[in-house]
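This report refers to the structure that appears directly beneath it.
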């Protein structure tokens, strides 16, 4: 008995849209219900859950207050020059637009809270639409419904879409899903122009950040490989992808990158090094299409041409390989060792699972099952369905490989891996035929391996050591009321651990020397050097750098520094023995505040 027919290009995505629209409405309502506690928390307290969300709002405020479109410096982070951030105005733009809109009838603080609520909720809806469209493409109307259900069950890609989340991760996931959808559509010879949409999504994604780069590199290979295997049928899609990606990327580069930096290379954000590689790939696809029209080569000729042109196009990647292998290559080694190595999202999957064994059930098992189902589907399907599933499998494996290196990619892989579950569930339903009761039971059972909740319940979680007291103390120090005493002090430059830095910027008029951002080499290095130096030398360093205050959390919150430098300033502060140049400022806050003065 045949499965849902995915070989007819016009059938999926157009038939019976009512059920799909209904499941989208239901899905968005369910997501809103699940997000409601977060909505009320943001509305009531205005709290922030992550340093990147805080810093994003600092950037938006500075831009709305008159900072230049191309000026991405965080001016109060390591002043006087500030820190040039690797972020993009492309994400600032909708947030600022929402604040302006709500500011028509609300005060600034209320408008900001509303923007921080609405922005992730809109992205939730877009994610459901994107995965639902992918599901319809792979398994018809029923596949779209299953995709929406699995997306909801996945926890909205693990907290990247919760209210208050205004960082760039959620927009990147949404762009990735639509990029994949457009790519799968473009593999249909009747819809080649959809490949241009894939190129546009890829360009916008790179304009925001480079975290989707592994997916985009593989996407660049999909249409040349399809042309090598299928010939002239894929020529149009290859041209649309190559030209669409190159043109979109150049436009985005001009709109969001300062002209003074157009020829500058940076490994951690869209720059000249990425433009060279992207344009090489785009031109290569257009060259292959011209060659096909000119010579009409056979299968062996297409394969040889693809290999040769692909090798030439890959030269920028090869020549600048260190930049693509390690985007943090420009970091100060000591800062990398003492800070980045301890950042959770920058760790490998093995390191993260050792500390958070619940991750086996939360993400590893569910997307592993989805990937396995996808691989099985490649062998069982034929024609266009197989081509789409093969491309999807490659993109998913690229994400899995990236997650092995850096855990932050897990939330991007999840929406792709669940599409393997969509195919499997559709197969099960088809096998049940018209036996409705059996189909309902079978579908329910078929869904379970692809949802994190199943594996969270099934996989035993060993006890993991956790210092809940220290974590609670650290969280208390990041609240607005904890930083309130600083607002009564004359503005000055503050020494604090990196995670506290953005909260000082958002809640006060002070400046900070350190922050959890890898481009802040000078400020973060000065902070570590000062905390590890003997107290008297640290005082000289801080006074010489113009610092006026020092803030640390009760319970120290100084990480490994007291153990790393037992005779240093951090160790003295952890023991409650501040040096004579650190004059305590009395507060009822969990923060310990000191004014940096001349020592006796």
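Before moving on, here are some points about what is shown:
- Sequence of 527, 380 once ranked by neighbouring C-beta atoms within 10 Å, starting from the fewest: 380, 527
- Mean Cβ count within 10 Å, highest first, over the residues of peptides 291-299, 129-137, 384-392: 129-137, 384-392, 291-299
- With helices as the sole contributors, the chain gives -20500 deg cm²/dmol at 222 nm; each DSSP H run of n ≥ 4 counts as -39500 (n - 2.57), and the sum is divided by every residue.
- Length-normalised contact order for the chain - Cα pairs under 8 Å, 6+ apart - percent: 14 percent
- Nearest-ten-degree value, helix 108-153 long axis tilted from longest Cα axis of the chain: 30 degrees
- The stretch 22-127, relative contact order in percent, only Cα pairs under 8 angstrom and at least six apart counted: 27 percent
- When the inverse distances between all different Cα atoms of the stretch 469-596 are averaged and flipped, the Kirkwood radius reads 14.3 angstrom.
- The stretch 268-396: translational diffusion in µm²/s, Stokes-Einstein, Kirkwood Rh over Cα pairs, 10 °C, 1.306 mPa s: 84 µm²/s
- Summarising the strand pairing of the stretch 469-596, around 70 percent of its internal DSSP beta bridges are antiparallel.
- When peptides 177-183, 581-587 are sorted by average Cβ neighbour count within 10 Å, with the highest value leading, the order is 177-183, 581-587.
- Length-normalised contact order of the stretch 469-596 in % [C-alpha pairs under 8 Å, at least 6 apart]: 26 percent
- Measure of compaction for the stretch 335-455 (Cα Rg per 2.2 N^0.38 Å): 1.25
- Full-stretch length increase - residue 458, residue 375 - with 0.36 nm per residue and alpha-carbon distance subtracted: 27.5 nm
- Degrees between helix 51-64 axis and first principal axis of the chain (Cα, 0 to 90, nearest 10): 90 degrees
- Helix 169-186 and the longest principal axis of the C-alpha atoms of the chain enclose an angle of approximately 10°.
- Counting DSSP beta bridges with both ends in the chain, the antiparallel % (nearest 5): 70 percent
- As a proxy for reagent exposure, ranking 240, 455 by other Cβ atoms within 10 Å from fewest up yields 455, 240.
- Relative exposure of 154, 280, judged by other C-beta atoms within 10 Å (fewest first): 280, 154
- Distance from the alpha carbon centroid of the stretch 334-371 to that of the stretch 250-269 works out to 31 angstrom.
- Cα centroid separation, the stretch 521-571 to the stretch 120-179 (Å): 43 Å
- Shape of the stretch 321-370, Cα gyration tensor, a/c cut at 1.5: oblate
- Most to least packed among 505-514, 59-68, 437-446 [average Cβ atoms within 10 Å]: 505-514, 59-68, 437-446
- With N counted as the residues of the stretch 358-418, its alpha-carbon radius of gyration over 2.2 N^0.38 Å works out to 1.13.
- For the chain, the Kirkwood radius over C-alpha pairs fed into Stokes-Einstein at 4 °C and 1.567 mPa s yields D = 50 µm² per second.
- Cα gyration tensor category, rounded, prolate or oblate, for the stretch 102-234 with a/c compared to 1.5: prolate
Computed from the coordinates by the stated procedures, all read-outs in this text should not be read as laboratory data. Here the structure is a predicted model, which means the values were calculated and not measured. No Cβ is skipped: glycine too gets one built from the backbone with ideal geometry, and neighbour counts run over all protein chains shown.
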